[in-house]
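Below: one structure, written as structure tokens.
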Amino acid sequence: MSRIVIIGGGQAGVQLADSLRTEGYEGAIDLFADEPHLPYQRPPLSKDFMAEDDSASPLPLRAGTFFGERAVQFHPGVQVTSVDPAGQTIVASDGTILSYTSLVFATGARNREITVQGSELDGVRYLRTLDDAKALQAELGTAKHVVVIGAGFIGLEFAAVARNRGLDVTVLEFGPRPMGRVLSRFMSSYFADVHTGNGIKLRLGEGIASLTGTGGKISRAISTTGAQYPADLVVVGIGVLPNSELAEQACLETDNGIVVDACLRTSDPHIFALGDCSSYPNAYTGTRIRLESVQNATDQARSLAKTLTGKPTPYDNLPWFWSQQGTVKLQIAGIIHSDDESIVRGEPATGKFSVYCFRDGQLTGVESVNSPAEHMAARKVLEQQLPLTPGLVLDAEFDPKAFSRQSFVLTPSERKSQERPASV
Ligand SMILES: Cc1cc2nc3c(=O)[nH]c(=O)nc-3n(C[C@H](O)[C@H](O)[C@H](O)COP(=O)(O)OP(=O)(O)OC[C@H]3O[C@@H](n4cnc5c(N)ncnc54)[C@H](O)[C@@H]3O)c2cc1C
């Protein structure tokens, strides 16, 4: 009998199991998840869930009845420990050995850890899993001084929640700007102002040098400038590493993630990878990238379900992302570089505006603050690669919704598929 084994019970793995049934797959599906919980949504962990008290429940990815209804054999709390591509089998931590016709890595990512002196002190925390979030939530109830290491999305989302709960919050960021890798300079400095305006001490150009404690418990963070900050809680948010070691052991090609082609197939024809753990050729940037977003995980899963049911489908969805930092909702579509030419539409002082980013005259992405309607229109413009120019955005008459309804232009993979047949 045909069997698809999925490793990882996160956003990508669960969506894939669901979409395989939607696409009519009738074989066996086995989903291995090393976390013991019913699969849950990660984004609220640094937002609404963290804002509540420690009795809050996580938002499930699917109802508890999902696995029975979709005939998916769910293996909670079970890790896949080895893969034999030649024999097409996996071995799991509970002793299960299974043969597969197709195997899918949906193993996600894990936190990058700090190694400075004092990293092991009690009160130094990370935020990736439900267990991490519950531990942090409990400490938020008693902490007074929080130091966040890293001004990326998760660090700043957490910092905003902690500040809102009345804590003294310092954020240390080694780089010159918050969220500097993924936002335009304008948006980055807007968020710096928002957070400092809310009383967060944002220390740019300061990394963590060491941590000191009393009786094994964190009490102070010392930055690379020698500045000292009191801390009874330290939250580290310095990025993630893809969980690709198991794939490496199986001799699959990896390079900042498990390397896949446009149809998400690895260097082994029976093995696929998607979500945070995969490095794929992006149709919009023309480069290989690894994305960490719900959109990427779920859309790749829907696309892969088609490929696995005999309809080879190159993945070419437009990347998009959101973040909620205090009362500010940020939406991003496309892939933005900090040195893109950026044009602001709207009035930032009102807390509602968008930034259109261009490179060599081409629209690369749009960032919107508290402007969902404009953002949806901008997303359509990007998806359809409509010829929006900096001059048009600067025009006072420019109407993103009307512009997005203009004549349809082919998406990158549609254009490519007309040039040459998809290789799958
Ligand atoms: C706190 C937080 C907030 C976020 N906020 C946003 C947001 O606002 N917007 C957004 O778009 N994205 C956000 N993200 C990112 C988003 O949640 C991820 O991109 C998405 O969850 C990736 O899904 P995934 O299935 O690829 O990986 P994961 O969700 O990491 O799931 C992979 C699962 O596989 C398991 N696993 C790994 N190896 C094995 C093995 N050998 N055997 C069995 N199981 C294994 C892992 O333990 C994990 O449970 C956030 C992430 C975090 C942590």
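The values are calculated or read from the model by the stated rules, or taken from the named source; none is laboratory data. Values in this document were obtained by computation on a predicted structure and should not be read as measured data. All Cβ positions, even for glycine, are placed from backbone atoms using ideal geometry, and neighbour counts span all protein chains on display.
Condition (residue is among the small types (Gly, Ala, Ser) and within 24 Å of Gly10 (Cβ to Cβ)) applied to the stretch 219-238: is it met by at least one residue? Spell out the reasoning first.
Just the residues of the stretch 219-238 that are among the small types (Gly, Ala, Ser), to begin with: 219, 221, 223, 226-227, 231, 237.
Filter once more, keeping what is within 24 Å of Gly10 (Cβ to Cβ): 237.
Yes, some residue in the stretch 219-238 is among the small types (Gly, Ala, Ser) and within 24 Å of Gly10 (Cβ to Cβ).
So if I check each of Gly108, Gly68, which one is out of contact with any strand residue (DSSP E or B) (no Cβ under 6 Å at 6 or more places or on another chain), away from the ligand (no atom under 15 Å from the Cβ) and among the small types (Gly, Ala, Ser)?
Numbers: Gly108 fails: away from the ligand (no atom under 15 Å from the Cβ).
Answer to the check: Gly68.
Can you go through Gln325, Gln406 and tell me which one is in contact with a helix residue (DSSP H, G or I) (Cβ under 9 Å, 6 or more places away or on another chain), among the polar types (S, T, N, Q) and either within 30 Å of Ile200 (Cβ to Cβ) or touching a residue at least 40 places away in the same chain (Cβ under 8 Å) (or both)?
On the way: Gln406 fails: either within 30 Å of Ile200 (Cβ to Cβ) or touching a residue at least 40 places away in the same chain (Cβ under 8 Å) (or both).
Every option except Gln325 fails the conditions.
Of the conditions (1) touching a residue at least 60 places away in the same chain (Cβ under 8 Å); (2) over 24 Å from the mean Cα position of the chain (by Cα); (3) within 30 Å of Gly326 (Cβ to Cβ), Gly237 fails just one. Which one is it?
Here Gly237 meets the rest and fails (2).
Yes or no, residue by residue, for (1) in a helix (DSSP H, G or I); (2) closer than 19 Å to Arg181 by Cβ:
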| site | (1), (2) |
| --- | --- |
| Pro269 | no, no |
| Phe272 | no, no |
| Asp276 | yes, yes |
| Tyr284 | no, yes |
| Gln295 | yes, yes |
| Thr298 | yes, no |
| Leu304 | yes, no |
| Thr307 | yes, no |
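Of the residues Glu157, Glu206, which single one is assigned to a loop (DSSP other than H, G, I, E, B), touching a strand residue (DSSP E or B) at 6+ places or on another chain (Cβ under 9 Å) and under 28 Å from His337 (Cβ atoms)?
Values: Glu157 fails: assigned to a loop (DSSP other than H, G, I, E, B).
Of Glu157, Glu206, the one residue that is assigned to a loop (DSSP other than H, G, I, E, B), touching a strand residue (DSSP E or B) at 6+ places or on another chain (Cβ under 9 Å) and under 28 Å from His337 (Cβ atoms) is Glu206.
If we keep just the residues of the stretch 45-59 that are more than 27 Å from Val80 (Cβ to Cβ) and in a helix (DSSP H, G or I), which is nearest to the ligand (Cβ to nearest atom)?
The qualifying residue nearest to the ligand (Cβ to nearest atom) is Ser46.
For every residue, the table says whether it meets (1) assigned to a strand (DSSP E or B); (2) within 14 Å of the ligand (Cβ to nearest atom); (3) of a type outside the set (Val, Ile, Thr).
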position	(1), (2), (3)
Leu211	yes, no, yes
Arg220	yes, no, yes
Gly226	no, no, yes
Ile238	no, yes, no
Ala247	no, yes, yes
Glu292	no, yes, yes
Ala301	no, yes, yes
Thr313	no, no, no
Trp322	yes, yes, yes
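For the stretch 6-40, name all the residues that are within 8 Å of the ligand (Cβ to nearest atom) and in a loop (DSSP other than H, G, I, E, B).
Matches in the stretch 6-40: Gly8, Gly9, Gly10, Asp34, Glu35, Pro39.
Within the stretch 352-364, which residues are touching a residue at least 24 places away in the same chain (Cβ under 8 Å) and not in a strand (DSSP E or B)?
Gly361 - this is the single residue of the stretch 352-364 that is touching a residue at least 24 places away in the same chain (Cβ under 8 Å) and not in a strand (DSSP E or B).
With Asn256, Asn282 as the choices, which residue is within 16 Å of the ligand (Cβ to nearest atom) and crowded, with 21+ Cβ neighbours inside 10 Å? It would help to see each step written out before you state the result.
Values: Asn256 fails: crowded, with 21+ Cβ neighbours inside 10 Å.
Being within 16 Å of the ligand (Cβ to nearest atom) and crowded, with 21+ Cβ neighbours inside 10 Å holds for just one of Asn256, Asn282, which is Asn282.
Looking for something hydroxyl-bearing (Ser, Thr, Tyr) and out of contact with any helix residue (DSSP H, G or I) (no Cβ under 7 Å at 6 or more places or on another chain) - is there at least one such residue anywhere in the stretch 330-351?
Start the filter on the stretch 330-351 by keeping residues that are hydroxyl-bearing (Ser, Thr, Tyr), which leaves 338, 342, 350.
From what is left, the residues that are out of contact with any helix residue (DSSP H, G or I) (no Cβ under 7 Å at 6 or more places or on another chain) are 350.
Yes, that holds for at least one residue.
How many residues does the stretch 76-95 hold that are within 12 Å of the ligand (Cβ to nearest atom) and either surrounded by fewer than 16 Cβ atoms within 10 Å (Cβ to Cβ) or within 30 Å of Val236 (Cα to Cα) (or both)?
Just the residues of the stretch 76-95 that are within 12 Å of the ligand (Cβ to nearest atom), to begin with: 76-83, 90-94.
From the residues that got through so far, the ones that are either surrounded by fewer than 16 Cβ atoms within 10 Å (Cβ to Cβ) or within 30 Å of Val236 (Cα to Cα) (or both) too are 76-82, 91, 93-94.
Final tally of qualifying residues: 10.
Given the conditions (1) in contact (Cβ under 8 Å) with a residue 24 or more places away in the chain; (2) crowded, with 16+ Cβ neighbours inside 10 Å; (3) more than 30 Å from Arg220 (Cβ to Cβ), report the number of the one that His270 does not fulfil.
With respect to (1) in contact (Cβ under 8 Å) with a residue 24 or more places away in the chain; (2) crowded, with 16+ Cβ neighbours inside 10 Å; (3) more than 30 Å from Arg220 (Cβ to Cβ), His270 is out only on (2).
Could we say that Val147 is surrounded by 15 or more Cβ atoms within 10 Å (Cβ to Cβ), in a strand (DSSP E or B) and among the β-branched types (Val, Ile, Thr) here? It would help to see each step written out before you state the result.
Values: surrounded by 15 or more Cβ atoms within 10 Å (Cβ to Cβ): yes; in a strand (DSSP E or B): yes; among the β-branched types (Val, Ile, Thr): yes.
Against the criterion (surrounded by 15 or more Cβ atoms within 10 Å (Cβ to Cβ), in a strand (DSSP E or B) and among the β-branched types (Val, Ile, Thr)), Val147 qualifies.
Of everything in the stretch 119-150 that's among the charged types (D, E, K, R) and within 16 Å of the ligand (Cβ to nearest atom), which residue is nearest to the chain's Cα centre (by Cα)? Quick ask: steps written out before the conclusion?
Of all residues in the stretch 119-150, those among the charged types (D, E, K, R) come to 120, 122, 125, 128, 131-132, 134, 139, 144.
This time we only want the ones that are within 16 Å of the ligand (Cβ to nearest atom), so: 125, 128, 131-132, 134, 139.
Numbers: Arg125: 19, Arg128: 11, Asp131: 18, Asp132: 17, Lys134: 20, Glu139: 25 Å.
Restricting to residues being among the charged types (D, E, K, R) and within 16 Å of the ligand (Cβ to nearest atom), the top hit is Arg128.
Conditions (1) under 16 Å from Ala377 (Cα atoms); (2) at pLDDT below 95, marked per residue:
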site	(1), (2)
Phe321	yes, no
Gln325	no, no
Ser338	no, yes
Phe353	yes, no
Phe358	no, no
Gln362	no, yes
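Restricting to the stretch 267-279, and then to whatever is in contact with a strand residue (DSSP E or B) (Cβ under 6 Å, 6 or more places away or on another chain) and within 12 Å of the ligand (Cβ to nearest atom), can you tell me which residue is farthest from Gln331 (Cα to Cα)? Before the answer, list the steps.
Our first condition is that a residue be in contact with a strand residue (DSSP E or B) (Cβ under 6 Å, 6 or more places away or on another chain); within the stretch 267-279, this holds for 270-273, 276-279.
Narrowing the set further to residues that are within 12 Å of the ligand (Cβ to nearest atom) leaves 273, 276-278.
Details: Ala273: 26, Asp276: 19, Cys277: 23, Ser278: 23 Å.
Once the filter is applied, the top-ranked residue is Ala273.
Hey, can you tell me all the residues within the stretch 335-356 that are more than 18 Å from Ala373 (Cβ to Cβ) and among the aliphatic types (A, V, I, L, M)?
As a first pass, look at the stretch 335-356 and keep what is more than 18 Å from Ala373 (Cβ to Cβ): 335-343, 349.
Scanning the stretch 335-356 gives Ile335, Ile336, Ile343, Ala349.
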